[in-house]
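This report refers to the structure that appears directly beneath it.
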Amino acid sequence: MFFSEMTARDTLKRTKQKMTEYQIGILEQLNAIEVDAHWFRRVFHTFAASFLFYYLLPDEKWINLGKIVLPIIIVACMAVVEYQRIRGGLDHHRFFGLRNYEKKRPASYLYFGIGVLVLFLLFPQQIAIPCILCASFTDPIIGESRYYLGKKRAYLIGFVVSLCFFLVSWYRADWWILLLVCLLGATGVLIGEAKKLRFVDDDLMIQMLPAILLLLLWQGCVALGVNILPPKMILPL
Amino acid sequence: MKTSTNRRNESAQKLLLRLELWFAPLLLVVPLIVSLVFLGDWYVKGFIGRSASYDGELFLGLLLLIGNLLFDIPFLRSLRMQKKKQ
């Protein structure tokens, strides 16, 4: 009786041990996946800067039509996929690199796509280029430096980096316009990144906020009889 | 029931990791190609053609190249780590 009790306890102990080892194994695996998803998301961001190739496409009738239709189709497809995922038609686990809070709302890649689409179709490239650069590089730079240096320093670095992007994109404008645009644009980027909204992702805000601010500035100056836009940065092939 | 769901999720995660590996060349190569196109266009029309209008493409090309390389290296490192773990 005593012997059988001991073996039963031992078996229970062993099973518990095995279960714990199994759980730890799964957790380690999940952590590894999370780490990879982290860099995957970062690289996806920087990859998006190559969408600027759009402005290199030649200025021909049928290509110009494609420049409007193709981005709309791509974003529409993304919207359909996201709609299906949120409704439950597609398993959340099938999407690599999604965050937990994206389970019941559209994922950030859709917001990013919508932002780029709006910039391509409605804004001049002088405004769109620095905004896309900020979404592609400033966002991951802030994310990484926040981890190592803290929130305040990360935002400071983000502000300086955004300032550089606006500086590079508007370097042919007059000095006072350059100063104004850089400060306004970088502030817009920072607010877009820092202000977290429940249903609107920062990937959209970081692009749209500086773009709208610069559009207002540009149109305001045009109303005053001054065109502040510098020459185009990218000329078609 | 629960264990079968866990297993399904686990295998889905493993499959996604493989998908990530398939995606990697695209994520790494496309920005590099685009940056080289920008730099090439600047070299042909801006540098040889002596036109300052293409200087913006030089800046963008360099920015794309350096910016992407900075993030590609840790990404590749994480992929290598993952392969080693597997």
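The values are calculated or read from the model by the stated rules, or taken from the named source; none is laboratory data. Being a predicted model, the structure only gives us computed values, none of them experimental. Note that each Cβ is placed from the backbone with ideal geometry, even for glycine, and that neighbours are counted across all protein chains shown. Only protein heavy atoms, including side chains, enter the accessible area calculation; ligands, DNA and RNA are left aside. Shrake-Rupley method; radii C 1.70, N 1.55, O 1.52, S 1.80 Å.
Which whole-number value in Å² is the accessible area per residue of chain A, probe 1.4 Å? Write out the running numbers ahead of the final one.
On the way: 13440 Å² over 237 residues.
Dividing the accessible area of chain A by its residue count gives 57 Å².
Which net charge results for the neighbourhood of residue A:106, defined as the other residues with beta-carbon distances under 14 angstrom from its beta-carbon, given Lys and Arg at +1 and Asp and Glu at -1?
On the way: positive: A:85, A:87, A:99, A:103, A:104, A:105, A:198; negative: A:82, A:102, A:201, A:202, A:203.
So the environment of residue A:106 carries a net charge of +2.
What would the Debye formula give as log10 I(q)/I(0) at q = 0.14, 0.16, 0.20, 0.22 Å⁻¹ for the alpha-carbon point model of the range A:123-226, no solvent? Taken in order of the listed q values, log10 I(q)/I(0) reads -0.50, -0.64, -0.94, -1.10. Once C-alpha pairs closer than 8 Å and six or more residues apart are averaged by separation and normalised to the residue number of chain A, the relative contact order reads 22 percent.
Local charge sum around residue A:17 (other residues, Cβ-Cβ under 14 Å, Lys/Arg +1, Asp/Glu -1)? Show your work: numbers first, answer last.
Working: positive: A:9, A:13, A:14, A:16, A:18; negative: A:10, A:21.
With Lys, Arg at +1 and Asp, Glu at -1, the neighbours total +3.
Ranking A:118, A:19, A:176 by Cα position along the charge dipole of chain A, where only Lys, Arg, Asp and Glu carry charges on their C-beta atoms, puts A:19 farthest toward the positive end.
Extending 7 Å from Cα along the Cβ direction at residue A:223 and again at residue B:44 yields two label points whose distance is 4.4 nm. For the Cα atoms of chain A, what angle does the longest principal axis make with the long axis of helix A:151-169, in degrees from 0 to 90, nearest 10? Helix A:151-169 sits at roughly 40 degrees to that axis.
Suppose R0 equals 30 Å; then what is the FRET efficiency for residue B:29 and residue A:121 from their Cβ-Cβ distance, rounded to the nearest 0.05? All intermediate terms of the calculation are to be shown ahead of the outcome.
Values: r = 27 Å, r/R0 = 0.91.
It comes to 0.65.
Charges on Cβ only, +1 for Lys and Arg, -1 for Asp and Glu, centred on the Cα centroid of chain A; of A:216, A:185, A:38, which one is farthest towards the dipole's positive end? Of the options given, the answer is A:38.
Distance from the alpha carbon centroid of the range A:192-225 to that of the range A:44-79 works out to 21 angstrom.
Label-to-label distance, residue A:171 versus residue A:86, with points set 7 angstrom from Cα along the beta-carbon direction: 4.2 nm.
Placing R0 at 45 angstrom, the Cβ-Cβ distance between residue A:10 and residue A:103 gives a FRET efficiency of 0.60 after rounding to 0.05.
Buried accessible surface for the A/B chain pair comes to about 3500 Å², total over both chains, computed with a 1.4 Å probe.
Measuring heavy-atom accessible area with a 1.4 angstrom probe and counting protein chains only, the residues of the range B:47-62 that give up at least 50 Å² relative to the chain alone are B:53, B:59, B:60.
Taking all protein chains as present, what is the carbon and sulfur share of the accessible area of chain A, in % to the nearest whole number, probe 1.4 Å? Could you put the intermediate results ahead of the total?
Numbers: 9270 of 13440 Å².
Carbon and sulfur atoms account for 69 percent of the accessible area of chain A.
Once backbone amide H atoms are built at 1.01 Å from N, residue A:57 has A:237 as its partners under 5 Å, excluding neighbours fewer than 5 places away on the same chain.
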